[in-house]
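S.K.: I have a structure I would like to understand better, so I am pasting it below and will then ask my questions one at a time.
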Amino acid sequence: MAESVSGTQPSVRTPEDRLDSWKEIAAYLSRDVTTVQRWEKREGMPVHRHQHDRIGSVYAFSSELDAWVQSRRLRLEEEEKEATAETPVDAKGDHASGRTSRTARWLVLGGVVVLALLALTFLMTRSPRTAATQPKITSLAVLPFKNLSGDPTQEYLADGMTEAIIGRLSSIHDLRVISRTSAMHFKDTQLSVPEIARALQVDALVEGSVIRDGSRIRVTAQLIRGATDAHFWSETYDRELRGALALQSEVAQSIARKVEVTVTGQEHSRLTAVRSVSPEVYESYLKGVFALDKNNKAGLEEGIGRFEEAIRRDPTFAPAYVGLAAADTELSTVFMGGRPAEFRPKVEIAARKALELDPELAEAHVLLANIEKNQWQWAEAEAEFRRALDLNPNDAVAQNGFADWLLSQGRPEEALAWARRAREHDPLAVSGVKIGWILFQSHRYEEAIHELRSVLAVFPDHTGALWFLGFALIANGQAEEAIPVLEKALSVSDRSAGVMGILIRAYAHAGRRADALRLLEELKRRQKTSYVPTAAFVNAYLGLDDKEQAFVWFEKAYQEKSNILQFLKVHPFFDPVRKDPRFVDLVRRVGLAQ
């Protein structure tokens with residue numbers, strides 16, 4: 001026997017009294033699952049946790065819920081009594097007469113009658129046409145699905161379901177869908193639906209949960225209007241894990257129908273396209289994606305192992321090749337220290353294999369576009385970017401990649417427009433870094449500095465933002481201010497050679513030539529034992545105003561196909577040598593001459 005929450009009467013627990021899942025609790029209270037989860041977290045609704053049950057992570061007793069509801073009602077009544085506790089006083093300072101009280105009662109009764117008539121009129125006249133006056137939904141965000149399996153190791157499954165549904169919906173041109181990167185900021189958030197909707201500037205949100213029981217999964221999803229927190233669709237799906245891809249398609253189709261968005265024939269085909277995949281392959285793939293989210297070298301290497309495991313089990317599963325290509329792409333970046341000559345062929349092979357198996361994988365087109373851009377295959381890169389954007393018009397990665405392509409062609413205004421479009425789809429990511437980089441390349445240094453400082457106000461240790469801010473400050477004649485910024489970037493990047501090259505320039509421009517030469521010697525020593533990007537030496541020697549050595553390293557950068565050469569037409573640091581015949585010839589050889 002347990003005492004009720006209200007403290008008025010004890011409640012008796014019986015087997016029939018027990019509700020064994022969030023779904024049963026929600027049904028008992030005539031609410032959706034997310035609402036009762038919110039009540040439990042914020043208002044202390046009595047819910048108990050299973051310790052070892054695989055599927056039912058929670059249970060509750062209807063008697064306790066009844067008592068909690070009653071106590072909640074009593075609290076509201078007490079607040080109402082307190083608000084109206086004072087008795088009205090007449091003009092003479094005396095208490096209002098019984099006549100006044102009767103008048104008040106008649107006024108209240110009259111008001112109730114009027115409200116009832118209005119409600120009746122609304123119900124009688126309401127039609128589908130009236131309901132359609134709700135604002136049209138043109139944008140939405142899929143919030144991270146909750147793992148309700150009672151097993152934290154199943155988190156990858158909930159995250160994978162979130163990403164897959166975002167991916168499906170993102171193919172619709174008539175709908176602005178927030179990227180997974182921004183949506184994941186609201187994992188386990190305490191913010192209300194309207195607060196999240198305002199932050200993301202969307203009309204609606206999708207909330208959901210995933211429960212796994214052996215080879216079966218249960219997914220609950222619901223649509224909520226952002227401005228009003230009104231739930232207008234909810235559905236629960238029980239499937240075998242083998243049918244997870246079909247389930248993702250079904251959920252995405254239901255959402256598209258409910259928001260009444262225009263879906264073309266091609267988009268419908270992409271929404272409904274499914275294939276069967278074994279649970280083992282799918283789990284290996286999802287664990288690989290989950291590992292990549294760690295954003296470190298260990299996570300990338302773990303992800304590669306998971307993707308390779310998925311491919312061994314099913315060589316026809318195209319998404320695993322995309323994951324492999326994405327991981328190798330990250331390992332080849334300047335901050336990871338990978339040698340481009342080692343990783344680029346791996347990326348290209350994996351991306352092309354993915355497209356051979358599934359030509360409509362937008363992410364694979366983006367990966368291939370970046371490889372072709374890095375190899376100076378400019379026309380081919382443009383075609384791949386445009387194909388990716390046609391398949392997934394909401395892809396912020398594709399939009400930022402295309403912005404880089406436009407910048408390399410000497411079209412900075414168009415590049416800036418695409419980068420800002422990417423921010424609309426990924427507002428909480430560090431899209432300001434790309435915008436700041438383009439502004440720097442456009443010689444708009446003050447604007448670049450402002451943009452990058454705005455990023456650092458939120459992400460103070462973001463290496464890319466610190467690095468690019470160093471570029472902009474030096475170009476703006478603020479080398480002294482750039483030094484502490486770049487020294488911090490060097491620290492948080494584990495002494496990245498790319499950051500070191502720009503710091504050498506900052507030291508030189510600030511009159512600290514001895515510090516610049518000391519750091520240059522460190523770069524040379526490192527080169528004897530590990531890979532150092534040629535761009536680091538190009539920037540260092542240009543900063544030291546040693547043009548002859550700079551051109552020696554320009555030639556090595558050409559042999560390496562260094563990323564720095566993509567920006568030959570616009571990079572401000574190349575302005576002092578832009579008219580040199582050797583530079584003019586380099587621009588021609590890279591394929592960027594007019």
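S.K.: Tell me the residue from D390, D404 that is more than 30 Å from E280 (Cβ to Cβ) and open to solvent by 40 Å² or more (accessible area, probe 1.4 Å), please.
M.R.: The match here is D390.
Residue by residue, here is whether (1) out of contact with any Lys or Arg (no Cβ under 9 Å at 6 or more places or on another chain); (2) basic (K, R); (3) assigned to a loop (DSSP other than H, G, I, E, B); (4) within 23 Å of S171 (Cα to Cα) holds:
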position	(1), (2), (3), (4)
V202	no, no, yes, yes
R212	no, yes, no, no
T228	yes, no, yes, no
D238	no, no, no, no
Q248	no, no, no, yes
A252	no, no, no, yes
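S.K.: Oh, and also: Given the criteria buried (at least 21 other Cβ atoms within 10 Å of the Cβ) and not polar (S, T, N, Q), does A350 qualify?
M.R.: yes
S.K.: Restricting attention to the stretch 228-246, report how many residues are of a type in the set (A, V, I, L, M) and in contact (Cβ under 8 Å) with a residue 40 or more places away in the chain.
M.R.: 3
S.K.: Additional query: Being over 22 Å from the mean Cα position of the chain (by Cα) and assigned to a strand (DSSP E or B) narrows it down to one of R242, R218, so name that one.
M.R.: R218
S.K.: If you don't mind, there's one more thing I want to ask. Quickly run through the stretch 578-588 and pick out the residues that are assigned to a helix (DSSP H, G or I) and out of contact with any Leu (no Cβ under 6 Å at 6 or more places or on another chain).
M.R.: Residues satisfying the conditions are P581, R582, F583, V584, D585, L586, R588.
S.K.: Against the definition (in contact with a helix residue (DSSP H, G or I) (Cβ under 7 Å, 6 or more places away or on another chain), among the hydrophobic types (A, V, I, L, M, F, W, C) and open to solvent by 40 Å² or more (accessible area, probe 1.4 Å)), how does F385 come out, yes or no?
M.R.: Taking the combined requirement at face value, the residue does not satisfy it.
S.K.: While we're here: For the stretch 465-476, give me the residue count where each residue is assigned to a helix (DSSP H, G or I) and more than 15 Å from L503 (Cβ to Cβ).
M.R.: Adding up the residues that qualify gives 1.
S.K.: Within the stretch 427-451, restricting attention to residues that are part of a helix (DSSP H, G or I) and under 18 Å from T181 (Cα atoms), which residue is most open to solvent (accessible area, probe 1.4 Å)?
M.R.: K434
S.K.: Looking at F343, is it out of contact with any strand residue (DSSP E or B) (no Cβ under 9 Å at 6 or more places or on another chain), farther than 19 Å from S269 by Cβ, surrounded by 24 or more Cβ atoms within 10 Å (Cβ to Cβ) and free of Cβ contacts under 8 Å to residues at least 40 places away in the same chain?
M.R.: When the stated conditions are applied, F343 does not pass them.
S.K.: From L200, L191, grab the single residue that is farther than 26 Å from A273 by Cβ, free of Cβ contacts under 8 Å to residues at least 24 places away in the same chain and of a type in the set (A, V, I, L, M, F, W, C).
M.R.: After applying the criteria, what remains is L191.
S.K.: Counting only residues that are in contact with a helix residue (DSSP H, G or I) (Cβ under 7 Å, 6 or more places away or on another chain) and at pLDDT 85 or above, which one in the stretch 244-270 is surrounded by the fewest Cβ atoms within 10 Å (Cβ to Cβ)?
M.R.: Among those that are in contact with a helix residue (DSSP H, G or I) (Cβ under 7 Å, 6 or more places away or on another chain) and at pLDDT 85 or above, it is Q253.
S.K.: Next up: Here is a check on your reading of the model: is G265 touching a residue at least 40 places away in the same chain (Cβ under 8 Å) and small (G, A, S)?
M.R.: Criteria not met by G265.
S.K.: Which residue out of A540, A516, A489 is open to solvent by less than 60 Å² (accessible area, probe 1.4 Å), closer than 30 Å to W378 by Cα, aliphatic (A, V, I, L, M) and at pLDDT 95 or above?
M.R.: When all the criteria are applied, what remains is A540.
S.K.: Right, something else. So in the stretch 457-480, with the set limited to residues that are surrounded by fewer than 24 Cβ atoms within 10 Å (Cβ to Cβ) and among the small types (G, A, S), which one is farthest from H571 (Cα to Cα)?
M.R.: That would be A457.
S.K.: In this structure, is S454 crowded, with 19+ Cβ neighbours inside 10 Å, of a type in the set (S, T, Y) and touching a residue at least 12 places away in the same chain (Cβ under 8 Å)?
M.R.: Against the criterion (crowded, with 19+ Cβ neighbours inside 10 Å, of a type in the set (S, T, Y) and touching a residue at least 12 places away in the same chain (Cβ under 8 Å)), S454 does not qualify.
So that you can scan it fast, the table gives a plain yes or no per residue for (1) surrounded by fewer than 20 Cβ atoms within 10 Å (Cβ to Cβ); (2) touching a helix residue (DSSP H, G or I) at 6+ places or on another chain (Cβ under 8 Å); (3) assigned to a helix (DSSP H, G or I); (4) among the aromatic types (F, W, Y):
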{"residue": "P135", "(1), (2), (3), (4)": "yes, no, no, no"}
{"residue": "A141", "(1), (2), (3), (4)": "no, yes, no, no"}
{"residue": "L157", "(1), (2), (3), (4)": "no, yes, yes, no"}
{"residue": "G160", "(1), (2), (3), (4)": "no, yes, yes, no"}
{"residue": "S171", "(1), (2), (3), (4)": "no, yes, no, no"}
{"residue": "A183", "(1), (2), (3), (4)": "no, yes, yes, no"}
{"residue": "D188", "(1), (2), (3), (4)": "yes, no, no, no"}
{"residue": "I196", "(1), (2), (3), (4)": "no, yes, yes, no"}
{"residue": "E207", "(1), (2), (3), (4)": "no, yes, no, no"}
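S.K.: Mind listing whichever residues of the stretch 492-513 are more than 16 Å from F468 (Cβ to Cβ), open to solvent by 20 Å² or more (accessible area, probe 1.4 Å) and of a type outside the set (G, A, S)?
M.R.: Correct list: D494, R495, H509, R512, R513.
S.K.: Among the residues of the stretch 422-465, how many are more than 19 Å from A482 (Cα to Cα) and of a type in the set (K, R)?
M.R.: Selection size over the stretch 422-465: 1.
S.K.: I want to confirm something. Restricting to the stretch 279-316 and keeping residues that are of a type in the set (G, A, S) and open to solvent by 30 Å² or more (accessible area, probe 1.4 Å), which single residue is farthest from the chain's Cα centre (by Cα)?
M.R.: G305
S.K.: State the number of residues belonging to the stretch 1-39 that are more than 23 Å from F232 (Cβ to Cβ) and either open to solvent by 50 Å² or more (accessible area, probe 1.4 Å) or modelled with pLDDT of 70 or more (or both).
M.R.: So the answer is 16.
S.K.: For a quick check of your reading: which helices (runs of 4 or more DSSP H) sit entirely within the stretch 508-577 and have at least 1 residues that are farther than 29 Å from W405 by Cα and touching a residue at least 12 places away in the same chain (Cβ under 8 Å)?
M.R.: Ranges flagged: 513-527.
The values are calculated or read from the model by the stated rules, or taken from the named source; none is laboratory data. Since we're looking at a predicted model, the values are computed, not measured. Note: ideal-geometry Cβ built from the backbone for every residue, glycine included; neighbour counts use all protein chains shown. Keep in mind that these areas ignore ligands, DNA and RNA; they rest on the heavy atoms of the full protein, side chains included. Shrake-Rupley method; radii C 1.70, N 1.55, O 1.52, S 1.80 Å.
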